[in-house]
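Here's the structure, in structure tokens; my notes come after.
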Amino acid sequence: MIARNTRQATVRHISVALAVSVSALSLAACGGDGGSDDTAAKKGNDITVGLLLPDRDTARFEKFDYPLIKQEVASLTENQGKVRYANAEASVTRQSSQFQKMIADKVDVILVDALNSKTIATDVQKAKDAGIPVIAYDRLAEGPIDAYVSHDNELVGQVQGRAIVGELGDKAEKSKVVMMNGDPGDPNTARFKDGALSELRDQVNIVKEYDTKEWKPAIAKEHMKEAIQAVGLNNIAAVYSANDGMAGAVIEALREAGATKMPPVTGQDANLDAVQRVVSGEQYMTVYKSFLLEATNAAKIAVAKVQGRSIEFAALTRETVDSPTQQNIPAMLVPVVALTKDNIKETVITDGVYTVKDICTSKYRADCAAIGLD
């Protein structure tokens with residue numbers, strides 16, 4: 001518990017440190033001579049931020065990311081800035097059309113969570129040609145992007161893989177594990193997978209592995225049914241699921257096949273239903289990624305870029321990442337935390353993502369009480 005609390009404290013410390021450093025740098029840039037930032041502001045507060053999110057199956061996008069970005073843009077611009085939002089609903093074609101409409105409408109900056117990192121590059125280039133900065137959000141897009149805001153996605157996979165190995169304990173070496181990876185068109189999928197394999201490889205026996213088109217739970221469920229048929233229900237010791245939506249589908253398939261006790265199943269995103277499954281013991285863990293830190297800092301980076309606040313922009317994007325088409329992309333990578341039934345209070349409840357009432361509905365009241373969550 002000490003290690004978990006320390007790591008959670010680190011997340012908050014980073015948030016505070018960023019806020020302090022950005023404020024200090026902003027003040028320094030506007031020193032006593034009445035001067036301004038080293039780059040004159042390109043825009044005032046009356047700006048429009050385009051926000052392109054990929055799907056509605058991932059609950060966090062509609063419930064957290066969009067509202068948080070909208071709120072932060074308003075706060076940073078004295079309620080003059082606007083967010084123009086579009087959701088691709090898991091369609092690459094629709095996302096491209098939405099992207100091009102934002103270019104045509106001359107938004108000031110575009111935040112995009114790309115469904116397909118490669119195909120989005122053409123639209124990114126069109127935005128660049130139109131003088132519109134593009135910031136890759138949550139997933140690294142190809143093309144000439146100006147910044148990237150996400151989490152350490154390889155660490156996400158490591159945390160998931162480590163959880164499986166730790167829970168299996170001495171039985172890990174001979175245990176049969178199914179891997180349910182995400183969409184191969186999502187650049188994060190490879191990073192999650194690499195991180196997970198760094199923990200699972202040579203530790204367990206990976207008997208089945210699947211890529212899941214567009215992260216669709218229905219496809220994951222069909223994959224899991226096939227794995228159960230091929231491996232045998234009672235022979236599956238654990239399931240690596242890259243996110244919570246697929247984890248729910250995996251658990252459904254296991255239950256329908258007759259499982260009365262679930263093997264350890266991982267997830268990611270800390271969706272409310274996933275947290276409830278963790279409480280009940282159906283899902284072993286999920287990766288909690290601070291939506292607040294990711295979304296609010298993405299808004300800060302977007303506004304700083306549009307307003308020409310180069311010192312503030314640099315303070316927010318102190319790391320760099322490479323894509324297949326670009327090197328040394330300014331980046332902010334937000335820390336992640338493994339959420340289990342042991343640290344729900346210290347993570348999503350303390351951070352205000354959910355309340356005990358949200359989690360402990362009548363269906364989960366007894367399970368909540370059993371772990372002291374009441």
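From the C-alpha coordinates alone, can you work out the Kirkwood hydrodynamic radius of segment 281-338, in Å? Could the numbers behind the result be given before it?
Values: mean 1/r = 0.0757 Å⁻¹.
It is 13.2 Å.
Tilt of helix 66-76 relative to the longest C-alpha principal axis of the chain, in degrees (0 to 90, nearest 10)?
30 degrees
Kindly report, to the nearest 10 Å², the accessible surface of Lys101 as traced by a 1.4 Å probe over protein heavy atoms only.
Around 120 Å² of this residue is reachable by solvent.
Using all alpha carbons of segment 67-123, what is the percent of pairwise distances in each 10 Å bin, ordered from the shortest bin to the longest?
Pairs per bin, as whole percents: 22, 47, 27, 4.
Carbon-plus-sulfur fraction of the accessible area of the chain, 1.4 Å probe, in percent? Please report the intermediate quantities before stating the final value.
On the way: 7850 of 16060 Å².
For the chain, the apolar C and S fraction of the accessible surface comes to 49 percent.
Can you work out the accessible area per residue across the chain, with the rest of the protein chains kept in place, probe 1.4 Å, in square angstrom?
Values: 16060 Å² over 374 residues.
Solvent-accessible surface per residue comes out at 43 Å².
Excluding residues on the same chain fewer than 8 positions from Lys174, give the aspartates and glutamates whose Cα lies under 12 Å from its Cα.
Lys174 reaches Asp202.
Just need the relative contact order of segment 261-343 here, percent rounded to a whole number, with Cα pairs under 8 Å and 6+ apart. Provide the component values of the computation, followed by the final result.
Values: 103 pairs, mean separation 24.5, N = 83.
For segment 261-343, the relative contact order is 30 percent.
Among the aspartates and glutamates, which have Cα under 17 Å from the Cα of Lys126 when same-chain residues fewer than 8 positions away are ignored?
By straight Cα distance, Lys126 reaches Asp105, Asp108, Asp113, Glu142, Asp146.
For segment 154-169, what does the Karplus curve 6.51 cos²θ - 1.76 cosθ + 1.60, with θ = phi - 60°, yield as ³J(HN,Hα) per residue in whole Hz, taken in order and with x for Gly and Pro?
5, 5, 4, x, 4, 4, 5, x, 5, 5, 5, 4, x, 6, 6, x
With n ≥ 4 as the cut-off for DSSP H runs, can you work out [θ] at 222 nm for the chain, using -39500 (n - 2.57) per run divided by the number of residues, rounded to the nearest 500?
On the way: 13 runs with 161 residues, N = 374.
Theoretical 222 nm ellipticity from helices: -13500 deg cm²/dmol.
May I have the extent of the alpha carbons of the chain along their three principal axes, as whole Å values ordered from largest to smallest?
That gives 70, 42, 38 Å along the principal axes, largest extent first.
Against the longest alpha carbon principal axis of the chain, how many degrees, from 0 to 90 and to the nearest 10, is the axis of helix 244-256 turned?
20 degrees
Could you sort His223, His151 by their accessible area in this structure, using a 1.4 Å probe and putting the largest first? Let's see the in-between values first.
Numbers: His223 45, His151 0 Å².
Accessible-area ranking of His223, His151, largest first: His223, His151.
Strictly over 28 Å apart at the Cα level, which of Lys300/Lys357; Lys128/Lys216; Lys106/Lys300; Lys193/Lys341; Lys300/Lys363; Lys101/Lys193 would you flag in this model? Could you put the intermediate results ahead of the total?
Numbers: Lys300/Lys357 32 Å; Lys128/Lys216 31 Å; Lys106/Lys300 20 Å; Lys193/Lys341 24 Å; Lys300/Lys363 39 Å; Lys101/Lys193 34 Å.
In this structure, Lys300/Lys357; Lys128/Lys216; Lys300/Lys363; Lys101/Lys193 exceed 28 Å between Cα atoms.
Which number do you get for Rg(Cα) / (2.2 N^0.38 Å) in segment 147-281?
Details: Rg = 13.8 Å, N = 135, 2.2 N^0.38 = 14.2 Å.
Here the answer is 0.97, to two decimals.
Between Asp202 and Ala369, what length in nm is gained on full extension when 0.36 nm per residue of separation is reduced by their alpha carbon distance? Before the final figure, lay out the partial values.
Working: separation 167, 0.36 × 167 = 60.12 nm, distance 3.82 nm.
Full extension from Asp202 to Ala369 adds 56.3 nm.
The values are calculated or read from the model by the stated rules, or taken from the named source; none is laboratory data. As the structure is a computational prediction, the values presented were derived from the model and not from experiment. In case anyone asks, the SASA skips ligands and DNA or RNA and just uses the protein heavy atoms, side chains included. Shrake-Rupley method; radii C 1.70, N 1.55, O 1.52, S 1.80 Å.
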